[in-house]
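*Asks:* The structure follows.
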Amino acid sequence: MDSFSTAALLVAGFLFRTSSSHSATECYSANGEDYRGRQNQTSLRGGLPCLYWNETLQHPYNTLKFPNGERGLGPHNYCRNPDGDVGPWCYVDDHEDGVYWKYCDVPTCRMPGNLGCFMDTGDPPTLTGSSETSNRLTIERCISYCRERRYQLAGMEAGYACFCGNHLDHSLHGQSPSTECNHVCFGDHTQPCGGDGRIVIFDTRVGSCGGNYTSPSGVLYSPDYPDRYGPGRVCYWTIQVHGATAILFDFTIFDVPDWADMVELLDGYTNQVVARFDGGNPPGNTVNVTTDFAILYFYSDRTNEARGFAVRYQALKSAGGSFVGQPTEEEPEEDSSATDPESEPESDLEATTEWSNDSLSQNSNQVLYVITSTPSEVDRKVPAWTVYAMAALLTLVVIATVTKFLLHVVMRSTAYPTLEAPDTCGQNVASDPWVILYRPSTISFFKKKLKSHQGDLSPLVGH
């Protein structure tokens, strides 16, 4: 690849990570705990101003408790979610009702795949497919329930109700602020599961184990996301954007602590590994796959579970390394497990879903690195000191084995003297019988030669 193309990819990667003017979302978690935006009031329209985190020392969350910017806190008054609640919030001035904090309605803090909060009057219902109720409901449990039944949409309401469907009529069910869908899920109190008369709707591709994508940009999640991924998962996602010269990948969330679990990016044509990440090697930079076909591979062993990952991708044109144009109304290819073969979503749903999958973020300021050619194999060179240590250990084992063998031969060939009894004891061993003399009070044992016994008295009769 020439220097001009490399420079163009660097510029494109920089814009991909840092441009805020083209971003549609600033969150990739279901509850907005990763929000690092600058909204400083509870609502953009008539909301209450937030208090500064360094001036709320009387409350549990402040810069005195988190002085180094932990959980996004600092000398500012931006909405944050430091306690893992169902959404970003901030402290406000005390009111007559004693409320000193409120949730923030942040339009840009909606993870891709979350289509929004909608009114549900029940007549007609927002989603008309299968439904269930559960006191263990989570976002992923509902999504999995609908995906298994080949629905494209999953909705959660009131914390315990799950609804499925393929169509969403915006004219009958208007959109509501996100703060009206902040009822906690009964199965996970850190996740929002709708509200009373309000339903939060997700694309059922969220958290799927694999899928096929052709959109110029999108977001992929680890299996079972936003729940923890399970053990023994092996998943593939294909990303093929015809006409692209490269595809950029940026991991906005990466929580894979186990070294045995891994995420790989492969060249789709050669299946050669471009980059590999695990608990000991997390992604630190944007990865550039210089082809129009890439594969994302995930593997987890049978022991640990974790939050997983969220990765966004963007295809690049050949002309100057610019971004491929905004996606059309065509829906990216669906995962076969989430496609209804008998019905297609309406155009408004397609646009909404496409927007959710093409949402980008720029929360990271790390430097881009460019892989200009696909390596044939990941570098597995063993350090020289390791080779020398193994050779020395092998030599010691051989020496110990030979020494043991020689000692064994010497011990077997050595004749040891045997102990001989004194002459006085050895003369009568085979010829002298034992005689027992019985008396009323005792029994005595002694050696006596029968030939020296005088008379014919019985040896058992005392005299």
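The values are calculated or read from the model by the stated rules, or taken from the named source; none is laboratory data. From a predicted model like this one, the values you see are computed outputs, not experimental measurements. Quick reminder, even Gly has a Cβ in these numbers, built from the backbone with ideal geometry, and neighbours come from all protein chains shown. Accessible surface is based on the protein model in full, side chains and every heavy atom, while ligands, DNA and RNA are left aside. Shrake-Rupley method; radii C 1.70, N 1.55, O 1.52, S 1.80 Å.
*Asks:* Just one of the numbered conditions (1) within 30 Å of the chain's Cα centre (by Cα); (2) in contact (Cβ under 8 Å) with a residue 40 or more places away in the chain; (3) open to solvent by 30 Å² or more (accessible area, probe 1.4 Å) is not true of ASN31; which one?
*Replies:* Unmet condition: (3).
*Asks:* Can you tell me which of ARG147, ARG205 is in a loop (DSSP other than H, G, I, E, B), in contact with an Asp or Glu (Cβ under 9 Å, 6 or more places away or on another chain), closer than 21 Å to TYR229 by Cα and open to solvent by 10 Å² or more (accessible area, probe 1.4 Å)?
*Replies:* Within the list ARG147, ARG205, the selection yields ARG205.
*Asks:* Take the residues in the stretch 45-58 that are over 26 Å from PRO107 (Cβ atoms) and either of a type in the set (A, V, I, L, M, F, W, C) or modelled with pLDDT under 90 (or both); name whichever of them is surrounded by the most Cβ atoms within 10 Å (Cβ to Cβ).
*Replies:* Of everything passing the filter in the stretch 45-58, LEU57 is surrounded by the most Cβ atoms within 10 Å (Cβ to Cβ).
*Asks:* Before we move on, is LEU168 among the hydrophobic types (A, V, I, L, M, F, W, C) and surrounded by fewer than 21 Cβ atoms within 10 Å (Cβ to Cβ)?
*Replies:* Against the criterion (among the hydrophobic types (A, V, I, L, M, F, W, C) and surrounded by fewer than 21 Cβ atoms within 10 Å (Cβ to Cβ)), LEU168 does not qualify.
*Asks:* Here's another thing I want to ask about it. Of everything in the stretch 186-202 that's under 23 Å from ARG149 (Cβ atoms) and either aromatic (Phe, Trp, Tyr) or free of Cβ contacts under 8 Å to residues at least 60 places away in the same chain (or both), which residue is surrounded by the most Cβ atoms within 10 Å (Cβ to Cβ)?
*Replies:* CYS193
Matching residues to (1) within 30 Å of PHE118 (Cβ to Cβ); (2) touching a residue at least 24 places away in the same chain (Cβ under 8 Å); (3) open to solvent by 20 Å² or more (accessible area, probe 1.4 Å); (4) touching a Phe, Trp or Tyr at 6+ places or on another chain (Cβ under 7 Å):
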position	(1), (2), (3), (4)
CYS209	yes, yes, yes, no
THR214	yes, yes, yes, no
ILE253	yes, yes, no, yes
ASP258	no, yes, yes, no
ARG276	no, yes, yes, no
ASN281	no, no, yes, no
THR303	no, yes, yes, no
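*Asks:* Among residues belonging to the stretch 64-115 that are outside any loop (DSSP other than H, G, I, E, B) and among the basic types (Lys, Arg), point out the one that is surrounded by the fewest Cβ atoms within 10 Å (Cβ to Cβ).
*Replies:* Going through the qualifying residues, I end up with ARG71.
*Asks:* Let me ask you something else. Kindly evaluate THR128 against the criterion of being surrounded by 21 or more Cβ atoms within 10 Å (Cβ to Cβ) and either among the polar types (S, T, N, Q) or under 19 Å from ALA310 (Cα atoms) (or both).
*Replies:* No; evaluated as a whole, the condition is false for this residue.
*Asks:* State all residues of the stretch 278-296 that are among the hydrophobic types (A, V, I, L, M, F, W, C) and either in contact with a Leu (Cβ under 9 Å, 6 or more places away or on another chain) or in a loop (DSSP other than H, G, I, E, B) (or both); if no residue qualifies, say none.
*Replies:* VAL287, VAL289, ALA294, ILE295, LEU296
*Asks:* Could you list, in sequence order, the residues of the stretch 231-251 that are in a loop (DSSP other than H, G, I, E, B), surrounded by fewer than 14 Cβ atoms within 10 Å (Cβ to Cβ) and under 21 Å from the mean Cα position of the chain (by Cα)?
*Replies:* Answer for the stretch 231-251, where residues must be in a loop (DSSP other than H, G, I, E, B), surrounded by fewer than 14 Cβ atoms within 10 Å (Cβ to Cβ) and under 21 Å from the mean Cα position of the chain (by Cα): PRO231, GLY232.
Okay, residues lined up against (1) modelled with pLDDT under 95; (2) open to solvent by 40 Å² or more (accessible area, probe 1.4 Å); (3) closer than 15 Å to LEU220 by Cα:
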| position | (1), (2), (3) |
| --- | --- |
| LEU296 | no, no, yes |
| SER322 | yes, yes, no |
| PRO332 | yes, no, yes |
| GLU346 | yes, yes, no |
